[in-house]
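Notes for the one structure printed next.
The values are calculated or read from the model by the stated rules, or taken from the named source; none is laboratory data. In this text, all values refer to a predicted model and were calculated from it rather than measured experimentally. We place every Cβ from the backbone using ideal geometry, glycine too, and count neighbours over all the protein chains shown. Side chains are part of the model used for accessible areas, which takes the heavy atoms of the whole protein and leaves out ligands, DNA and RNA. Shrake-Rupley method; radii C 1.70, N 1.55, O 1.52, S 1.80 Å.
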Amino acid sequence: ELQALKTLRIGENELTGVIPTELGNLRALTSLQLYVNQFTGQIPSELGELQALKTLSFHGNELTGAIPTELGNLRALTWLQLYCISVLHIRILSQTANNKLTSIVPTELGNLLALTKLEMRINQLTGAVPSELGHLQGMTDLYLSFNQLAGKVPTELGKLQSLIRLFLHVNDLTGSIPPEFVNLQALESLYLNGNEMTGTLPTELGKLQAMKYLSLDHSEFTGVVPTELGSLQALITLHLGNNNLTGPIPSELGKLKALKTLSMYQNQLTGAVPSELGHLQALETLSLYHNQLTGAVPSELGKLQSLETLALSSNQLTGAVPSELGKLGVNTSI
């Protein structure tokens, strides 16, 4: 009977049961927020009748099943916190946690040309990442992490020149990093860790000058660490641990003045620890354990006044521990 109701916000409570189908009768509703409760069951198809709706938030519940296709009728919708769905004229499509909605990622999402944020993390999504997502030229954020997505990362994602954050970590993705990613000049965060990806690290990654967070650990990458990564002057974290990387640690990494975390543990890296790493005055974590590094521990590491963790164990390092390290209040494992 609340035909004039425009806003219904009952998020962050302990509400249970199914979402009432009668909510579909509130035709004046512009905002429906049911997030962080204990709702179960499926999303009512009747919600597709809410033509004035702009915000629809379901995240953090215990919903199951598929998204009703009727939600594709919500032409005014600008923000959907849920999971994957085909909805026209959405600007933000996101899902933040506890739902266990199952589906493939619909190829129809490639029709949402106004979409800027697509967030569908922490579900049980399967199938491939649709190449059609490469049509979304205004996309700035793509979150598909913590699902069961498989197949290769589509090369078409390299067309998303507005993309700032790309989170595909902890899935079952295979194949190599597309060299087309060189076109993602706005990209600041690239998370591909926790997959089954293979191949070498593209030298083109060194051209992504906006990059701040690069996480490629816990995969099956091979080959050498590209010296071109030393060109990423904005880089704050570099995670390459637990792969099958070989060869030396590039001395060029010593140019990364903003770097706080350098993690390259559990690979097959050889050669010496570059003394140039002593130039990384912002460095807080240096993790190089479980490799095949040789030679002495460089005394230049004693210059890293911001260093909190130094892990060099399980290598083939020789010589004395530099006295300079005694000046650092770090958690040291040598």
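Which condition number in (1) exposed (fewer than 14 other Cβ atoms within 10 Å of the Cβ); (2) under 16 Å from L262 (Cα atoms); (3) of a type in the set (S, T, N, Q) is the one that T318 fails?
(2)
In segment 66-93, how many residues are at pLDDT below 70, surrounded by fewer than 19 Cβ atoms within 10 Å (Cβ to Cβ) and not in a loop (DSSP other than H, G, I, E, B)?
3
Identify, from the list L325, L262, the residue that is hydrophobic (A, V, I, L, M, F, W, C), farther than 24 Å from L192 by Cα and not in a loop (DSSP other than H, G, I, E, B). Steps first, answer last, please.
Details: L262 fails: farther than 24 Å from L192 by Cα.
Answer to the check: L325.
Residue by residue, here is whether (1) small (G, A, S); (2) modelled with pLDDT of 95 or more holds:
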{"site": "L277", "(1), (2)": "no, yes"}
{"site": "L283", "(1), (2)": "no, yes"}
{"site": "L286", "(1), (2)": "no, yes"}
{"site": "H290", "(1), (2)": "no, yes"}
{"site": "G295", "(1), (2)": "yes, yes"}
{"site": "L301", "(1), (2)": "no, yes"}
{"site": "L317", "(1), (2)": "no, yes"}
{"site": "V321", "(1), (2)": "no, no"}
{"site": "K327", "(1), (2)": "no, no"}
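Scan segment 111-127 and give yes if some residue there is at pLDDT 80 or above and of a type in the set (G, A, S), otherwise no.
Yes; the residues of segment 111-127 include at least one that is at pLDDT 80 or above and of a type in the set (G, A, S).
Please go through segment 175-227 and pick out each residue that is among the aromatic types (F, W, Y) and either within 16 Å of L157 (Cβ to Cβ) or crowded, with 21+ Cβ neighbours inside 10 Å (or both). Even if it seems obvious, please write down each step before you answer.
To start, the set of residues in segment 175-227 that are among the aromatic types (F, W, Y) comprises 181, 191, 213, 221.
Those that are among the aromatic types (F, W, Y) and either within 16 Å of L157 (Cβ to Cβ) or crowded, with 21+ Cβ neighbours inside 10 Å (or both): F181, Y191, F221.
Before we move on, is L77 under 28 Å from the mean Cα position of the chain (by Cα) and touching a residue at least 24 places away in the same chain (Cβ under 8 Å)?
yes
Any chance you could count how many residues in segment 286-304 are within 16 Å of T261 (Cβ to Cβ) and either among the acidic types (D, E) or open to solvent by 40 Å² or more (accessible area, probe 1.4 Å) (or both)? I'd like the intermediate steps shown before the answer.
Our first condition is that a residue be within 16 Å of T261 (Cβ to Cβ); within segment 286-304, this holds for 286-289, 301, 304.
Those left that are additionally either among the acidic types (D, E) or open to solvent by 40 Å² or more (accessible area, probe 1.4 Å) (or both): 289.
Total meeting the criteria: 1.
Starting from segment 211-234, take each residue that is part of a loop (DSSP other than H, G, I, E, B) and list its partners that are of a type in the set (D, E), counting only C-beta distances under 8 angstrom and pairs at least six apart or across chains.
Close Cβ pairs (under 8 Å, with a partner that is of a type in the set (D, E)) amount to M211/E188; K212/E188; S219/E196; E220/E196; A234/E188.
Quick check on my filter: what residues within segment 127-174 are open to solvent by less than 30 Å² (accessible area, probe 1.4 Å), charged (D, E, K, R) and touching a helix residue (DSSP H, G or I) at 6+ places or on another chain (Cβ under 6 Å)?
Residues satisfying the conditions do not exist here.
Filter segment 126-185 down to residues that are assigned to a loop (DSSP other than H, G, I, E, B) and among the small types (G, A, S) and give me whichever is nearest to the chain's Cα centre (by Cα).
Looking only at segment 126-185, we keep the residues that are assigned to a loop (DSSP other than H, G, I, E, B), and these are 127-130, 136-140, 144-149, 153-154, 160-164, 168-171, 175-178, 184-185.
Filter once more, so that each one left must be among the small types (G, A, S): 127-128, 138, 145, 162, 175-176.
Values: G127: 18, A128: 16, G138: 18, S145: 6, S162: 16, G175: 17, S176: 17 Å.
Selected residue: S145.
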